[in-house]
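Down below is the structure, laid out as structure tokens.
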Amino acid sequence: MTRNATATVLAAGLALVAWAGAAQAQSFPARPVTLIVPWPAGGTTDVGMRALASATEKHLGQSIVIENRPGGSGTLGPGQMAATAKPDGYTVAQIPITVFRFPFMQKTTFDPRTDFTYIIGVSGYTFGVVVNESAPWRTFPELMADAKANPGKINYGSPGTGTSLHIAMEQIAKRQGIKWTHVPFKGNAETMNALLGGHIHAVADSSGWAQLVNAGRFRLLVTWGAERAKNWPDVPTLRDIGIDMVSNSPFGIAGPKGMEPSVVKVLHDAFKKGLEDPSYAEAMARLDQELFYLGSEDYRKFALAQIEEAKRFIAELGLGPKPE
């Protein structure tokens, strides 16, 4: 084959690839899209993502099927997607911030820097610490004082090792010179049941505790936002009690690596309209969550920054793999 003929074949091949990508974008989506929620059904994230899926479907032109894949502190579902899903836009996942941390805590099958196509930043949580209404602690400083006086005896539940709840509680402990015991669970429902049953002393979690707090079954001691939660304005923030820390664990949606930019744009634009839908705003208000919208490129940059930050504080807290 001559050099000119080879060039012609290569050009034709590239044109075919470009045409295929354009054709895919024009026909996408031709069937339902699966949105993996890496937490149990009924928890805060599940409720919020189902509301977003419902608000987004009418803009996408196809249904969005929620698939719960809990485990690994929210990393199991995204990890499985990265390993097995085709980059065709029909499988995407909620990306909790633990995805950026776990590679520095244990061996993982994915690299968050290279194995995902970041589509859109969505929201952040309202975090707080709750205790049973019969517990002796009326304030978070009282709980910390008890933990300081009795090292290791006070325990708290969270949705899992490496979650923002776990990390922040350990950061608080380090700053305050206290030691409490972490009890990881798979999600909100498990932590709530454990606290109701008196199996743990406290829970650090997102606002899945809201109904039990509002019903008087749980006592909300502190929230972790920059400002007091709208639904519980009488409850202090960490900053209000002298702990200069804010944690809301922003999350978003991503697909496997290698997605066509045109397909990413279709998904981004539909989810963005979903974020702006009144029905989703109502769901966010009930959960006391704020929007954390980021476009695809800004979300990718945010992810890379979070990965570097995670590398630093995982080392500082000594939560990395133990030497063999």
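The values are calculated or read from the model by the stated rules, or taken from the named source; none is laboratory data. Computed from a prediction, not measured in an experiment: that's the story for all the values here. We place every Cβ from the backbone using ideal geometry, glycine too, and count neighbours over all the protein chains shown. Note: areas computed on protein heavy atoms with side chains; ligands, DNA, RNA excluded. Shrake-Rupley method; radii C 1.70, N 1.55, O 1.52, S 1.80 Å.
Brief remarks follow.
- Filtering P141, P159, P151, P136 for residues that are closer than 30 Å to A285 by Cβ and open to solvent by 30 Å² or more (accessible area, probe 1.4 Å) leaves a single hit, P141.
- Boolean, V246 is open to solvent by 10 Å² or more (accessible area, probe 1.4 Å) and either out of contact with any Pro (no Cβ under 9 Å at 6 or more places or on another chain) or more than 19 Å from S54 (Cβ to Cβ) (or both): yes
- Looking across region 111-129, the residues that are open to solvent by less than 20 Å² (accessible area, probe 1.4 Å) and more than 15 Å from the chain's Cα centre (by Cα) come down to G128, V129.
- Among the residues of region 30-46, those identified as surrounded by fewer than 19 Cβ atoms within 10 Å (Cβ to Cβ) and either more than 19 Å from Q80 (Cβ to Cβ) or among the basic types (K, R) (or both) are A30, R31, G42.
- Against the conditions (1) assigned to a loop (DSSP other than H, G, I, E, B); (2) more than 21 Å from F313 (Cα to Cα); (3) at pLDDT 95 or above, R219 satisfies every one except (1).
- Count of region 171-194 residues which are open to solvent by less than 50 Å² (accessible area, probe 1.4 Å), within 12 Å of G208 (Cα to Cα) and touching a Pro at 6+ places or on another chain (Cβ under 8 Å): 3
Results for (1) touching a Cys at 6+ places or on another chain (Cβ under 7 Å); (2) surrounded by fewer than 15 Cβ atoms within 10 Å (Cβ to Cβ); (3) under 30 Å from T91 (Cβ atoms); (4) without any contact (Cβ under 8 Å) to a residue 60 or more places away in the chain, shown as yes or no for each residue.
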{"residue": "R228", "(1), (2), (3), (4)": "no, no, no, yes"}
{"residue": "V235", "(1), (2), (3), (4)": "no, no, no, no"}
{"residue": "G255", "(1), (2), (3), (4)": "no, no, yes, no"}
{"residue": "K272", "(1), (2), (3), (4)": "no, no, yes, no"}
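- Residue in region 283-297 that is within 19 Å of the chain's Cα centre (by Cα), assigned to a loop (DSSP other than H, G, I, E, B) and on the phi > 0 side of the Ramachandran plot present: yes
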